[in-house]
Each structure stands twice: as C-alpha cells, then as structure tokens.
1. Which pairs turn up if I take residues in the range 57-70 that are within 19 Å of His47 (Cβ to Cβ) and look for partners that are in a helix (DSSP H, G or I) and among the aliphatic types (A, V, I, L, M) with beta carbon separation below 7 Å, at least 6 apart in sequence or on another chain?
2. Can you pull out every residue in the range 34-88 that is basic (Lys, Arg) and either farther than 26 Å from Arg109 by Cα or surrounded by 18 or more Cβ atoms within 10 Å (Cβ to Cβ) (or both)?
3. Would it be correct to say that Ala204 is within 17 Å of Leu37 (Cβ to Cβ), modelled with pLDDT under 95 and surrounded by 15 or more Cβ atoms within 10 Å (Cβ to Cβ)?
4. Would a scan of the range 186-197 turn up a residue that is more than 28 Å from Ser78 (Cα to Cα), surrounded by 15 or more Cβ atoms within 10 Å (Cβ to Cβ), at pLDDT 95 or above and among the charged types (D, E, K, R)?
5. Please give the number of the condition Leu96 fails out of (1) buried (at least 24 other Cβ atoms within 10 Å of the Cβ); (2) touching a Ser or Thr at 6+ places or on another chain (Cβ under 6 Å).
6. With touching a Phe, Trp or Tyr at 6+ places or on another chain (Cβ under 9 Å), aliphatic (A, V, I, L, M), closer than 26 Å to Pro184 by Cα and at pLDDT 95 or above as the only criterion, which of Leu118, Leu20, Leu10, Leu28 stands out?
7. What are the residues in the range 159-197 that are closer than 17 Å to Asn88 by Cβ and of a type in the set (A, V, I, L, M, F, W, C), if any?
8. Restricting to the range 148-175, name every residue that is at pLDDT 95 or above and either in contact with a Ser or Thr (Cβ under 8 Å, 6 or more places away or on another chain) or of a type in the set (Lys, Arg) (or both).
Amino acid sequence: MSRWIEAVTLAGAHVRLEPLGREHRDELVAAVADGALYRLWYTAAPHPDAIDGWIDAALALREQAGAMPFVVRRTADSRLVGSTRMMNVDSVNRRLEIGHTWYSASVQRTAINTECKLLLLAHAFESLDCIAVELRTHFMNRQSRAAIERLGARLDGILRHHQLLPNGTIRDTCVYSIVAPEWPAVRANLQWQLERPRAAQPSAAGSPEAGTHEAAAPQAGRPPC
C-alpha cells in the first residue's frame, strides 16, 4: 500500500528530524528525563519508564494511520533532544496535524523549535502539497497557545470536554491551523526568527517550546495529539 508521507529525514542548520525507530530508545529516555516534562499535568510527554510502549504506539500509528513520528537531533553535537510527528493524516483532503511535540528542557527557548516547525511545515506545504496544517494544544497551556500563535497559526475553535486525561481532568482542546495561502508569510516569519539575534534565557519546563503542540492523553479512536 502506498503511503502519502514517506519516511524522510529533514535537516536544517540547527536540527535534524529523523524517522523514529526502536534504536532511539535509550536516547529518548535521556531526552525526556531532561526537565521531567512528563510531570506537567496538562501534557503527556512519556515517562522514561514507559518509553517502550510510547515508541510502540507511535510506530503502530505510522503503520496503521499513516502518521510519521520523528526524533529531534541537535546538529551541533548530534544529541537527541525531543520528538514530534505528523499525525491525524487525511491524504484525500491533503491535511495533517503537527503534534505530540516535546523537547528537553535544556534546549527550550532556543532555535530548535523554530527550525523544527519550519522544516515540518515546508515539507507539508511544499512536498506534500497540503491545503492546511493543524496544531492543537490544551486550553490551560497558555505558553503553548502563545507559541502556536507566534507561528502565524489562527484559532479555529475550542473543543469543549474533548478528552479524559489520566489524572481525572477533562481537556478542552484549542484547535489552530495554517492554510496554504498563509504559508509564504508564515515561512518568512519563521526564517526571520531564526536569523535574528537571540538573548540567552534560562530554560524551564513548560516554556513555549516545551510542548508547543503537546501530547494529549491517548484516546480510543484518535491518536494522542
């Protein structure tokens, strides 16, 4: 069966996005332990002890639903520093979602997230000819919402009582999108952000780059987002 999104490595000046594989297990454990993002109640970055199941679920979605999970590797030292994916793929209507994104705390508020989004969006709009790319986040994750809006994405709406989370709370999901005619301006903005000088900032779990499109709790019939 042909796939719309083939396995591909996306490389930039700061990061390299590689298709997720089980060989990345130990590096992922180290990356997610940096900052302990899994402790944030409104995200679902994998716990180090649950990384094997997380990898299995991501690879199953790749095979069964056409998703494409990536690991994020910093170019400067080849260190694995996070993960992201193309998911909720609709090849008929040429739409997909960028989500399930998390980064090690030590690389938050750097060029890593900006270039990741530039690479993913460029692949979606320029190689896959997408008409729209969706991004979602928890209503309570204000930093994430602000980061998505800085990309140039627009709020489509809020899904009330969208998902039941493992801690017993109910997630309201903010749904954003970028449509094809907006891509040139979004691309120019991301390129400008990469080129402008960056002031050194202390990283902190939960920063805008910590989970720009953070993982929601898995739900039957829909992959985590």
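The values are calculated or read from the model by the stated rules, or taken from the named source; none is laboratory data. Quantities reported herein were computed from a predicted structural model and do not represent experimental measurements. Don't worry about glycine lacking a Cβ; one is built from the backbone with ideal geometry, like all the others, and counts go over all protein chains shown.
1. That search, which allows pairs on different chains as well, returns Pro69/Ala58.
2. Within the range 34-88, Arg62, Arg73, Arg74, Arg85 meet the criteria.
3. In short, no.
4. No, there is no match, as no residue in the range 186-197 is more than 28 Å from Ser78 (Cα to Cα), surrounded by 15 or more Cβ atoms within 10 Å (Cβ to Cβ), at pLDDT 95 or above and among the charged types (D, E, K, R).
5. (2)
6. When all the criteria are applied, what remains is Leu10.
7. The initial filter retains those residues of the range 159-197 that are closer than 17 Å to Asn88 by Cβ, namely 159, 162-163, 171, 173-179.
Passing the criteria: Leu159, Cys174, Val175, Ile178, Val179.
8. Those that are at pLDDT 95 or above and either in contact with a Ser or Thr (Cβ under 8 Å, 6 or more places away or on another chain) or of a type in the set (Lys, Arg) (or both): Ala153, Arg154, Asp156, Ile158, Leu159, Arg160, His162, Thr173, Cys174.
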